[in-house]
1. Suppose we filter the range 336-354 for residues that are touching a Pro at 6+ places or on another chain (Cβ under 8 Å) and hydrophobic (A, V, I, L, M, F, W, C); how many remain?
2. Give Gly298, Gly280, Gly343 a once-over and let me know the one that is part of a helix (DSSP H, G or I), crowded, with 16+ Cβ neighbours inside 10 Å and not aliphatic (A, V, I, L, M).
3. Given Ala335, Ala347, Ala302, Ala312, which one is among the aliphatic types (A, V, I, L, M) and without any contact (Cβ under 8 Å) to a residue 24 or more places away in the chain?
4. If a residue has to be in contact with a helix residue (DSSP H, G or I) (Cβ under 6 Å, 6 or more places away or on another chain) and surrounded by fewer than 19 Cβ atoms within 10 Å (Cβ to Cβ) to count, how many in the range 301-319 make the cut?
5. When you look at Leu53, is it under 18 Å from the mean Cα position of the chain (by Cα) and under 16 Å from Trp7 (Cα atoms), yes or no?
6. Among the residues of the range 209-242 satisfying the criterion of being buried (at least 19 other Cβ atoms within 10 Å of the Cβ) and in contact with a Pro (Cβ under 6 Å, 6 or more places away or on another chain), which is farthest from Thr79 (Cα to Cα)?
7. If I ask for residues that are charged (D, E, K, R) and surrounded by 16 or more Cβ atoms within 10 Å (Cβ to Cβ), which ones from the range 167-183 would you list?
Amino acid sequence: MQMVFRWYGEGNDSVTLEQIRQIPQVTGLVWSLHDLPAGVLWPVERIEEMKALSEKNGFHIDVVESVNVHEDIKLGLPTRDTYIDNYKETIRRLGKAGVKVICYNFMPVFDWTRTDLFKEMEDGSTALFFENAKVEGIDPLELVKTVTQTEFTMPGWEPERLEHLEDVFKAYENVTEEDLWNNLQYFLEAIIPVAEEAGIKMAIHPDDPPFSVFGLPRIMTNRDSLKRLVGLVDSPSNGLTLCSGSLGANPANDIPSLVTEFADHIPFAHIRNVKVFPNGDFIETSHRTEDGSVDITGVVKAYHDSGFNGYARPDHGRHIWGEKCRPGYGLYDRALGIMYLWGLWDAFERASQK
């Protein structure tokens, strides 16, 4: 397992590279060019700047999260081929820079949905929270105000996407899940050969949460959808970002079993915990198994027993010790999460050597 850490770039992250360097065995940055809108071609010079900065601080840039997919591709509009051509050339440029994995998603409109960015927990910490009843009764525009009130950019909630929110929702009125699957297959059939040539593994992220929100179609939600995805294009470059927290928001998803079944198709792992309540609400907790509803101990064991040598990162953390940070992406709880994951891994490694 190769531990990496998501970083949003200079001037756009409360966490510094110096701080990340002090977390044991974090070897790479998970990065993106967050100021670029979906669909544009990534400039070579910007990629090289990020590579130089990372390597200067002792990190590799093997994992990009994300190269966002333009909405026209998801909708299957005639304009999609232009955006797919840009995507293919961006893949080539990233491959030349040494990138090994590109995480992406195929979620309509919103990349993720929460109703409270700083829900207070019993111990005084705060965390991202999803309240079913609020989503059922809220106007999407009101949710946008909640999510974008932070001083940091919020991936998946980019201004250029949200300023035309009503039009985008209207465009999806007659789009079914099967339509979305067909559009995803069209996209993958176009880009996977390019990814193979570039030495890059494409790794789709599950829907977050893994069920329909605001009536929008969602297709990456469970074991059957993961199986269908890897079968769309038979290639080692067609893979998964298996996110234990996203899939774990549905208690029916057995995450350790999914890791075991799809181990050969997972170049990138997001490992985090969520506590799911009987009414379907959920809140993001510490990574510790006992604090949430996901068997993180079993998840790490499944990765270890499968001989996983891909990239992993602690995903969203709580906001603790008064830290002011991007929601879900502070330093302290993610660093604690890394040490918990390493502790589990080391214990399984020691046991296997007896």
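The values are calculated or read from the model by the stated rules, or taken from the named source; none is laboratory data. None of the values given here were measured: they were computed from a predicted structure. Quick reminder, even Gly has a Cβ in these numbers, built from the backbone with ideal geometry, and neighbours come from all protein chains shown.
1. 4
2. Gly298
3. Every option except Ala347 fails the conditions.
4. 1
5. It is false that Leu53 is under 18 Å from the mean Cα position of the chain (by Cα) and under 16 Å from Trp7 (Cα atoms).
6. Taking the candidates together, the pick is Thr221.
7. Selection gives Asp179 alone.
Here is a yes/no grid of residues against (1) part of a strand (DSSP E or B); (2) in contact (Cβ under 8 Å) with a residue 24 or more places away in the chain; (3) over 16 Å from the mean Cα position of the chain (by Cα):
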residue: Gly239; (1), (2), (3): yes, yes, no
residue: Ser246; (1), (2), (3): no, yes, no
residue: Asn250; (1), (2), (3): no, yes, yes
residue: Asn253; (1), (2), (3): no, yes, yes
residue: Glu261; (1), (2), (3): no, yes, yes
residue: Ala269; (1), (2), (3): yes, yes, no
